[in-house]
Structure formats: structure tokens, C-alpha cells
1. Do we have residue 239 as more than 30 Å from residue 28 (Cβ to Cβ) and either more than 16 Å from the ligand (Cβ to nearest atom) or buried (at least 19 other Cβ atoms within 10 Å of the Cβ) (or both) here?
2. For the condition assigned to a helix (DSSP H, G or I) and under 24 Å from the mean Cα position of the chain (by Cα), what is the one hit in 111, 78?
3. On the given criteria, is residue 148 under 21 Å from residue 16 (Cα atoms) and at pLDDT 95 or above?
4. Any idea which of 86, 39, 75, 47 is crowded, with 18+ Cβ neighbours inside 10 Å and farther than 30 Å from residue 368 by Cα?
5. For segment 257-268, state whether one or more residues are surrounded by fewer than 15 Cβ atoms within 10 Å (Cβ to Cβ), more than 16 Å from the ligand (Cβ to nearest atom) and at pLDDT 95 or above.
6. Kindly provide the set of residues from segment 11-60 that are within 18 Å of residue 141 (Cβ to Cβ) and touching a helix residue (DSSP H, G or I) at 6+ places or on another chain (Cβ under 6 Å), ordered by number.
7. Of the residues 360, 385, 312, which is touching a residue at least 60 places away in the same chain (Cβ under 8 Å), touching a helix residue (DSSP H, G or I) at 6+ places or on another chain (Cβ under 7 Å) and not assigned by TED's automatic domain parsing to the domain that holds residue 277?
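The values are calculated or read from the model by the stated rules, or taken from the named source; none is laboratory data. Values in this document were obtained by computation on a predicted structure and should not be read as measured data. Reconstructed Cβ throughout: ideal geometry from the backbone, glycine too, with neighbour counts over all protein chains shown.
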Ligand code: DHB
């Protein structure tokens, strides 16, 4: 097959990029090893920065976010038995939207198929070749094991944390800056009414908990756990006892119908581009989940490539040359923010009394000063996006 841009990965990054390129009249092929159903039903994060919503709605990628999503103008930070609100509207005049990532994916897939886009599920990329030439190639195989080769003018690796494209860009599957954390999140979905109007991020002596939402009748909650924990090992009563013990106030309980354990790591690839291959989203970087920066960061990368690739195909390589440096500035700010929220709110397994009390001092500094609240609000709602239309 031949196309102008080959995109590996039908996650938020790959699908949104295909949409932005299509608006510029540039054809692409998007492949993903997963089925459509798997992509549309996997539970991921639920918070969209204001800029992400503006890109999705403003480019027609998803207008449903404005109807079905819920705007939140703040969060609560809980510690020492009390809850403190961070008012985003007051601090920075911006907000975020609660709208689950799989809903974004449903909208993007529907829009791509309605536009007659070449979008192939069950096609697994094996390698990217000829990054330094004019016609890079994706070597893949379809669900029947038959070989598929896609030749393009540009290849984008939007293929997640186990990226195949990364090898073509950095020279190795793992080439990057890396940090692991000694804990994970235990996530649940339950049938219950919301326990608070906004999200609660809670620091407690027993560890972190996050009370999030999905709809008026379904709630998403997480608590810090050991990375090796078996999700099936807890009874529902134990899960509720753990959550209740970590959040001031009473949580509304209900049947738990989904549970999962989320890995915690920070990663930034050593290179984001080589010749005519670039990395975006989790292929380029991973952040720990605290602060919900993952998908938002992917959208920010894609907004840059949505300008840089059309320019390159038109003969102007200045934006693609600038892509790594421009993207990395935001990536490292988001890495810092995600690490900071994580370290301020979680309890390390070897934490001392000094560490616990220092954290409370930090939380009081942030919630008790306008400057502290403003920093958090600015980062959480998202720094301005370059080149968004
Ligand atoms: C959710 C996940 C996050 O990592 C976060 O910081 C906030 C909300 C969520 O899944 O709802």
C-alpha cells in the first residue's frame, strides 16, 4: 500500500492526527493491532484539559464532549482529615472536562470512518524501515498473519508505551529517560452516586486515594497499592474499607463491577524524530497517572505534528525540525507536574515521620497560598497549546 502518512496506533494521538491531516487534504492510513471493540471499551483516564477540548470540538473531531462531558472548575486536595478546594476558575479562569478517554476514541473512530478514512484494526506493526529515506515503510501483518507493507512520505509512531516505531527513531525499544515508582494504583468502577461534586485527591497516613467520576450512576476510584497486588485478592468490603479509611467524609458505596491495577512510571524517549519518522503520545513519553496528563500530552504532540507534517510535505522542513524541542518543553513540564503531584500525595513504602510531616507542610503551602493554588491550577488545566486552530 501507498499513502502520504502512515500512522501506527489508533489511540487518541493516531486518530486525532489522521483527522487533522484529513482537514488539510492529506491522506493517511491508520493501523492498530487491537480490535475496534477493544479500543472502544478499555477503561482509561477521564480528564481533558481545556485546550484538549478546544482542539477536539474546534476541529470537529468530537463535539459530543461538550454535550456529554462535564466541566469541572476545581479539584479538592484532602489531607490531615480535611478537604481543601483548588478553584481553577478563580485562579486561572480555565477548567477541565470529565469525559472518559474511550468516549473520545468512539467519537474519533466514528468520525474517521464517516470520512471514508483507511483505518485498519487487527494489523500489527512489526518494524519501521527507511526512516532516513524519502519513502519510509511500515512492515506489519494482518489478523490472518498475512504480511502488510505500507510505504509513505512520513511515518508516525502513535503506538503506545510498547512502541515498535521507537526502535526506528531511537535505535532501541527502551532508549529513553526512565523512572519507576514503588507503588501502583488499584482502580475500581462502581455503581454509586457521586460522593463529591469534584474530584478528590487525598493524602492519608495509609496512602493516596483518588475519588473520580464517570456518570451520575457510575464512579471511578483509585487507591495506592503495592505494584504486585492481585486485583482479585480483595473482597468488596476490603476495597470499601480501604477507600473509606483514606478519604475524609463518607463515600457513597455500591457494587464494584471492574477492578484493575495501573503501573506507575515516567519515561521520555531520547529522540522524538529521525528523518521521516516521529513519535507521539505514549510512544514518546509516559507519565504517572496523578494529574491525568497522559492523553492531554498526546494531543499536544499531535497539534504540533498536525502543522509540521503538512509543511514538510509542502517542502518546508522548519516545523518538523523544531518538533522535538518544542514538544519536549511541554513534555518535561508535564513530567515534572505528574511527578510532583505523585510525590506530594503518595506515601513511599519507606517514608519516615519526617517525610509525612514535610508532605503536609507542602500541601499547606499549596492550598494556603494563591501562588501555590495558581501553579497547580495552571498545570492541571493545561499550558497553552501551540498552533491550535
Ligand atoms: C482520573 C484519572 C487520573 O489519573 C486523574 O488524575 C484524574 C481522574 C480518572 O480516571 O477519572
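1. Yes, satisfied.
2. Within the list 111, 78, the selection yields 111.
3. When the stated conditions are applied, residue 148 does not pass them.
4. None of the others qualify; the one that does is 39.
5. no
6. Scanning segment 11-60 gives a single hit, 30.
7. When all the criteria are applied, what remains is 385.
Quick grid of which residues meet (1) over 30 Å from residue 140 (Cα atoms); (2) without any contact (Cβ under 8 Å) to a residue 40 or more places away in the chain; (3) not assigned by TED's automatic domain parsing to the domain that holds residue 47:
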| position | (1), (2), (3) |
| --- | --- |
| 151 | no, no, no |
| 156 | no, no, no |
| 168 | no, no, no |
| 188 | yes, no, yes |
| 206 | yes, no, yes |
| 214 | yes, no, yes |
| 230 | yes, yes, yes |
| 240 | yes, yes, yes |
| 256 | yes, no, yes |
